[in-house]
1. Yes or no: ALA88 in a loop (DSSP other than H, G, I, E, B) and touching a strand residue (DSSP E or B) at 6+ places or on another chain (Cβ under 6 Å)?
2. Please go through region 116-137 and pick out each residue that is surrounded by 13 or more Cβ atoms within 10 Å (Cβ to Cβ) and either touching a strand residue (DSSP E or B) at 6+ places or on another chain (Cβ under 6 Å) or of a type outside the set (Ser, Thr, Tyr) (or both).
3. In this structure, is TYR378 at pLDDT 95 or above and either over 48 Å from the mean Cα position of the chain (by Cα) or surrounded by 17 or more Cβ atoms within 10 Å (Cβ to Cβ) (or both)?
4. Considering every residue within region 164-186, establish whether at least one is on the phi < 0 side of the Ramachandran plot, surrounded by 13 or more Cβ atoms within 10 Å (Cβ to Cβ), part of a helix (DSSP H, G or I) and over 60 Å from the mean Cα position of the chain (by Cα).
5. How many residues are under 24 Å from GLU134 (Cβ atoms) and either assigned to a strand (DSSP E or B) or aromatic (Phe, Trp, Tyr) (or both) if we restrict to region 421-472?
6. Here are some conditions: (1) at pLDDT below 95; (2) over 60 Å from the mean Cα position of the chain (by Cα); (3) not aliphatic (A, V, I, L, M). GLY222 meets all but one. Which one does it not meet?
7. Looking at (1) modelled with pLDDT under 95; (2) assigned to a helix (DSSP H, G or I), find the lone condition where ASN80 falls short.
8. Which residues, taken from region 449-476, are touching a Leu at 6+ places or on another chain (Cβ under 7 Å) and within 16 Å of the ligand (Cβ to nearest atom)?
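The values are calculated or read from the model by the stated rules, or taken from the named source; none is laboratory data. Since this is a predicted model, take the numbers as computed values, not measurements. Quick reminder, even Gly has a Cβ in these numbers, built from the backbone with ideal geometry, and neighbours come from all protein chains shown.
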Amino acid sequence: MICKYLFLTFILHIDLYDASQMVQVDRPRGVSLTKKVLYDPAKEFTCFDGSQTIQFQFVNDDYCDCNDGSDEPGTSACPNGSFHCTNAGYRPQNIPSSRVNDGICDCCDGTDEWKTPTACANTCMELRRAALEENKKKMEESSKGFALRQEYAKTGQAKKLERQEKVKELQQELAQIQLLEDTLKTEKEAIEIQETAAIDEHKRIAEEKQQKIAHEENLRKGAEAFSEMDVDKDGSLTIPELLSHPELDPDTSDGIFTEEEALTILQAGSVDMAVFMDTVWGAINETFRTNIPPPMEEQEAPAETDTSNSGEPYDEITQNLVNQANEARSKFQEAQTKKKNLENEVESLNKALELDFGPDEGYQALQFQCFELLTMEYKYKLCPYDKATQSPKNGGSETVLGRWGSWSGPPENIYAKMMYENGITCWNGPARSTEVVIRCGMEHKLLSVDEPSRCAYKYEFATPCACTQVDPNALPRDEL
Ligand code: MAN
């Protein structure tokens, strides 16, 4: 009876295809090869936790002696025991010993149901074949992916060189444009000095002219005013004549323009035109209003403002200098704009050169591309080296789940993960961030999206850039 439980003959297939290589290993039921030495039938058995030592015949006697269940590896007697199935040809497995002889086939070799040996068919070889097939497929994919990666790497390296060369070229151009800009600035400033002097001179002359015109106009108006007020046309303006212009009353508060007041203006009983222009007109020209109605045509058609010449009309020499200065300014500005554009181009190239595209530059292939994944609720997007976003599937604004931060895998492979940080802040919470787990795949593809904790997202992304070289001889048969 004891023996029935105790030993069992294992036939271990080392190679799936070579049935002649079979090894028989005797050990207690449910014990792995590595633990076999702990079960020596010639000695007493000590529980693994050291709690008890029992006669070896009590191992697998369907009675639990050890607290840790180590005396019953092949029965379900101990609640905390562990049963080892060899699963020859496939992967060995440890199952809780409570599952032994429970009517359910757990092990592919069926050994967990040993009381009814026919209950479970041995499916290990089938599983092995499927696993090998799967492995082969993965290896093929991986090696195709790796071939693609090499292409991307080539392109990435060429792109890097191209960018470096371009920066050099642009920097030379920049040095030249800087010289040109300096020259154009000097030229501009020189001509601007002449331009300013000419404009100032032009203004001075224009002002002088203007003053002369105003002066003459004033004299003309004065003469006209004298003629108008000299009612009897005797060439002399008298106090009674002046009184016919009540607007000249220096004190309007009493409403009476008196002779005394008129006298204070004329400073004499009467004045001729010359004295009037010298001493009177200047004091009254602002208040004097003509009583003569303007000619009809002027009344009907008020003088039009001449707009045809509203810009400053310069004399030829000044205009010439202004034109030259304008041209010098626009050439200088053109050089400045060109320099700014070159600087921007260099800056964006340098930014791209600072990005880490992996040890072989392969990840450059992902720059300027976006990959999408639709879930029940959202459209998720990954734009490598830029941002991760989320937008409602049925329209609505995009939420940034993080902007490119850095590679964030473990030290032995930092390229296993990417981190996107500082996304839109969560209501009452942190700024959104996204970790992207990178896998080898035949194409660039956003595989899955999850939000394991609020506003911290996890993307799974496949790309050939993560595929490594596969050694066809490294098929791990012995692991199976
Ligand atoms: C939105 C989405 C979710 C997120 C909540 C947090 O609904 O961005 O992913 O969990 O905001 O409030």
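1. Values: in a loop (DSSP other than H, G, I, E, B): yes; touching a strand residue (DSSP E or B) at 6+ places or on another chain (Cβ under 6 Å): yes.
Yes, satisfied.
2. Residues of region 116-137 that are surrounded by 13 or more Cβ atoms within 10 Å (Cβ to Cβ), as a first pass: 119-120, 122-129, 131-132, 135.
Answer for region 116-137, where residues must be surrounded by 13 or more Cβ atoms within 10 Å (Cβ to Cβ) and either touching a strand residue (DSSP E or B) at 6+ places or on another chain (Cβ under 6 Å) or of a type outside the set (Ser, Thr, Tyr) (or both): ALA119, CYS120, ASN122, CYS124, MET125, GLU126, LEU127, ARG128, ARG129, ALA131, LEU132, ASN135.
3. yes
4. no
5. Narrowing region 421-472 to residues under 24 Å from GLU134 (Cβ atoms): 437-448, 460-472.
This time we only want the ones that are either assigned to a strand (DSSP E or B) or aromatic (Phe, Trp, Tyr) (or both), so: 437-440, 445-448, 460-463.
Here the count works out to 12.
6. Result: GLY222 passes all but (1).
7. (2)
8. Residues satisfying the conditions are VAL449, TYR457, TYR459.
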